[in-house]
Amino acid sequence: MSERADVQIRGAGIGLRSQHQQEIIDRQPSVPWFEVLSENYYGAGGTALAKLEKVRNLYPITLHGVGMSLGSTDPLNFEYLARLKSLADRFEPEWVSDHLAWISVGGEYVHDLLPLPCTQEALDHVVARIDQVQDFLGRRILIENPSTYLSYTDAEMPEWEFFREVAELSDCDILFDVNNAYVNASNHGFAATSYLDALPLARVREIHLAGFAQLDSYLFDTHGDRIHPPVWELYQLTIQRTGPVPTLIEWDTNIPDLGVLVAEAEKAQAQLDAVSCSA
Amino acid sequence: MQRLNQLQHRLREAIMAADADGTAVRVASKTVNATRGLSSPEHLRIYRRAVTGTFKRALGQLYPVTMRLLGQQFFDGMVCRYMRITPSLSPDLADYGSSFAEFIEGFEPAAGLPYLPDVARLEWAWHRAFSAADETALNIDALSEVPESDRARLLFALPASASLLASQYPVQRIWQVNQEDWSGSEEVNLDEGAARLIIWRRGYDMRIDPLHDSEWSLLSALTQNMPMRKLSQSFPDMATLLPHCVEHGWIAGFKLGESTD
Ligand SMILES: [Fe+2]
């Protein structure tokens, strides 16, 4: 793999979307790294993988997925994990991430990130699962805080405490989604800074930024818009504490021209630069 | 984790239930907090909508022509029915929807478009071919290196990307005129005749090739794992038909089967 640049990921990257692949290969925009959605590359062959190969030869990447179903009470899906492992072997991402959530039970997948109850029982369960996954993949994984639209009556601790405990006890790294923290704070009525106060800072290796939509009586995490001003503010507070952690612009619906994503990434980069200067 | 397991089953049932106000939603609501202007069932409804939206989007991308023929609203309604009786069994959403054509076949409100199930079959075949394993074309000369004594045991394989599709309707034409970049006439004469197609990928080039009777029969026989010994009996023109199919790329490999005699 000598043709691949062996650079460490830093700065503000962009989520790789299939409609931009060719343009990225042709124009090679100045973007420090791309995040690849693992589930888009589970096919055995075809153009998607071939293009990813080309992108990978130009840029460092990370793998981000939604399929681990870490919180599920089903047995782990080792077929899925094996596919993920071979994808990681082939494309050598700097790291692999998924969410603190579940997407399946009874062998049936809903393909949407469902929240765990913040209980000791769920904590013990998900910690054991992350252990198993890290053993199987032979690497430490990053766990992301999801956006949620419900909370359970039997919660025994706040979600930021649950998130911190999961990371500490399973010794995994953290992908802190600033937008999700903001959305949850607004939807469930707590101060978004509670998350910051609880974060084990040294574990935060990546930050996500995205846009949400204001619906009737709640915020919905559409990943379909520019990053909103209060999320930028929370981002600034975050990197003041964590330092200039690699940051990703996530955009999944109504995907705009690559230029719009690059512009958002540049905004994030400016904030990262400011933090590194003052540090 | 018994409590957690029960909660997850209840939540999934509430999300997948057809009735937004039925028992499943009522039961799950008891475990969900009501907050700032949203009741417990309303919290669940957010997830119900999100999940339905995910399935509609996924099948809409996989079956764009089917959707175009039905209109988005009708199509979405059909997906809603389909997803309730067809659970997704893989974390990879790309695996979902293989039985959609069979579902459409039994879906009374779509019976007015009798060619629709075959259009959906074509779209599934296309979807499969798109991400099937990469293969290099079979070199016909490799065949001549098989010793004469082994030839009867030869088994041939279609490309990993290939699907055969027979329809009494001109589905290739229907598919073609419903492509986004199609600029010709959108009229299709349903009496235009039956279609026998192979949907596959050559390199990265997606293909839908119409097949003649003899080509169709041979390729169908190959999917049944028929060895050379039997093929030669069934196809008197094997000596030309086989190289012809190899040349088109419709045969991607061969191996030696068990010797039976
Ligand atoms: Fe995220």
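The values are calculated or read from the model by the stated rules, or taken from the named source; none is laboratory data. Please read all numbers here as calculations on a predicted model, not as lab measurements. Cβ coordinates were reconstructed from backbone atoms using ideal geometry, including for glycine residues, and neighbour counts include every protein chain displayed. Only protein heavy atoms, including side chains, enter the accessible area calculation; ligands, DNA and RNA are left aside. Shrake-Rupley method; radii C 1.70, N 1.55, O 1.52, S 1.80 Å.
What about A:Asp221, is it acidic (Asp, Glu), open to solvent by less than 10 Å² (accessible area, probe 1.4 Å) and within 16 Å of the ligand (Cβ to nearest atom)?
Against the criterion (acidic (Asp, Glu), open to solvent by less than 10 Å² (accessible area, probe 1.4 Å) and within 16 Å of the ligand (Cβ to nearest atom)), A:Asp221 does not qualify.
Only one residue in B:Ala20, B:Ala34 is among the aliphatic types (A, V, I, L, M), free of Cβ contacts under 8 Å to residues at least 12 places away in the same chain and more than 14 Å from A:Asp112 (Cα to Cα), so which one is that?
B:Ala34
Can you name the residue in segment A:163-194 that is charged (D, E, K, R) and within 16 Å of the ligand (Cβ to nearest atom) and is also farthest from the other protein chains (Cβ to nearest Cβ) among such residues? Working first, answer last.
Here is the first cut: in segment A:163-194, the residues charged (D, E, K, R) are A:164-165, A:168, A:171, A:173, A:177.
Next cut, within 16 Å of the ligand (Cβ to nearest atom) only: A:173, A:177.
Numbers: A:Asp173: 22, A:Asp177: 17 Å.
Result: A:Asp173.
Could you please let me know if B:Ile251 is open to solvent by less than 40 Å² (accessible area, probe 1.4 Å) and in contact (Cβ under 8 Å) with a residue 60 or more places away in the chain?
So B:Ile251 passes the test.
In this structure, does B:Gly97 turn out to be closer than 19 Å to B:Val171 by Cβ and either in a helix (DSSP H, G or I) or touching a Leu at 6+ places or on another chain (Cβ under 7 Å) (or both)?
When the stated conditions are applied, B:Gly97 passes them.
Give the residue, chosen from A:Asp197, A:Asp216, that is more than 16 Å from the ligand (Cβ to nearest atom), within 14 Å of chain B (Cβ to nearest Cβ) and either among the acidic types (Asp, Glu) or buried (at least 24 other Cβ atoms within 10 Å of the Cβ) (or both).
Answer to the selection: A:Asp216.
Step by step: first the residues of segment A:63-96, then only those that are part of a loop (DSSP other than H, G, I, E, B) and closer than 13 Å to B:Asp92 by Cα, then the one that is nearest to the other protein chains (Cβ to nearest Cβ). Which residue is that?
Kept after step one, since they are part of a loop (DSSP other than H, G, I, E, B), are these residues of segment A:63-96: A:65-77, A:92-95.
Among the residues that remain, those that are also closer than 13 Å to B:Asp92 by Cα are: A:65-69, A:77.
On the way: A:Gly65: 8, A:Val66: 8, A:Gly67: 3, A:Met68: 8, A:Ser69: 7, A:Asn77: 6 Å.
Looking at residues that are part of a loop (DSSP other than H, G, I, E, B) and closer than 13 Å to B:Asp92 by Cα, I get A:Gly67.
Taking segment B:18-43 as the region of interest, how many residues are out of contact with any strand residue (DSSP E or B) (no Cβ under 6 Å at 6 or more places or on another chain), more than 7 Å from every other protein chain (Cβ to nearest Cβ) and surrounded by 18 or more Cβ atoms within 10 Å (Cβ to Cβ)? Outline the logic, then answer.
Initially, segment B:18-43 is screened for residues out of contact with any strand residue (DSSP E or B) (no Cβ under 6 Å at 6 or more places or on another chain), giving B:18-30, B:32-39, B:41-42.
Then keep just the ones that are more than 7 Å from every other protein chain (Cβ to nearest Cβ); that gives B:18-30, B:34, B:39, B:41-42.
Then keep just the ones that are surrounded by 18 or more Cβ atoms within 10 Å (Cβ to Cβ); that gives B:24-25, B:28-29, B:42.
Counting residues in segment B:18-43 that are out of contact with any strand residue (DSSP E or B) (no Cβ under 6 Å at 6 or more places or on another chain), more than 7 Å from every other protein chain (Cβ to nearest Cβ) and surrounded by 18 or more Cβ atoms within 10 Å (Cβ to Cβ) gives 5.
With the condition kept exactly as written, say whether any residue in segment B:221-228 is touching a Phe, Trp or Tyr at 6+ places or on another chain (Cβ under 8 Å) and farther than 12 Å from B:Leu155 by Cα.
Looking through segment B:221-228, none of the residues is touching a Phe, Trp or Tyr at 6+ places or on another chain (Cβ under 8 Å) and farther than 12 Å from B:Leu155 by Cα.
Checking the structure you have, find out if any residue of segment B:76-90 is open to solvent by less than 30 Å² (accessible area, probe 1.4 Å), within 7 Å of chain A (Cβ to nearest Cβ) and modelled with pLDDT of 95 or more.
The answer is yes, given that some residue of segment B:76-90 is open to solvent by less than 30 Å² (accessible area, probe 1.4 Å), within 7 Å of chain A (Cβ to nearest Cβ) and modelled with pLDDT of 95 or more.
For segment A:94-111, what are the residues that are acidic (Asp, Glu) and crowded, with 24+ Cβ neighbours inside 10 Å?
A:Asp98
Give segment A:138-162 a look and list any residue that's in contact with a strand residue (DSSP E or B) (Cβ under 6 Å, 6 or more places away or on another chain) and away from the ligand (no atom under 16 Å from the Cβ), or say none.
A:Arg140, A:Leu150
In this structure, is A:Leu237 away from the ligand (no atom under 16 Å from the Cβ), open to solvent by 60 Å² or more (accessible area, probe 1.4 Å) and among the hydrophobic types (A, V, I, L, M, F, W, C)? Give the derivation first.
On the way: away from the ligand (no atom under 16 Å from the Cβ): yes; open to solvent by 60 Å² or more (accessible area, probe 1.4 Å): yes; among the hydrophobic types (A, V, I, L, M, F, W, C): yes.
The answer is yes for A:Leu237.
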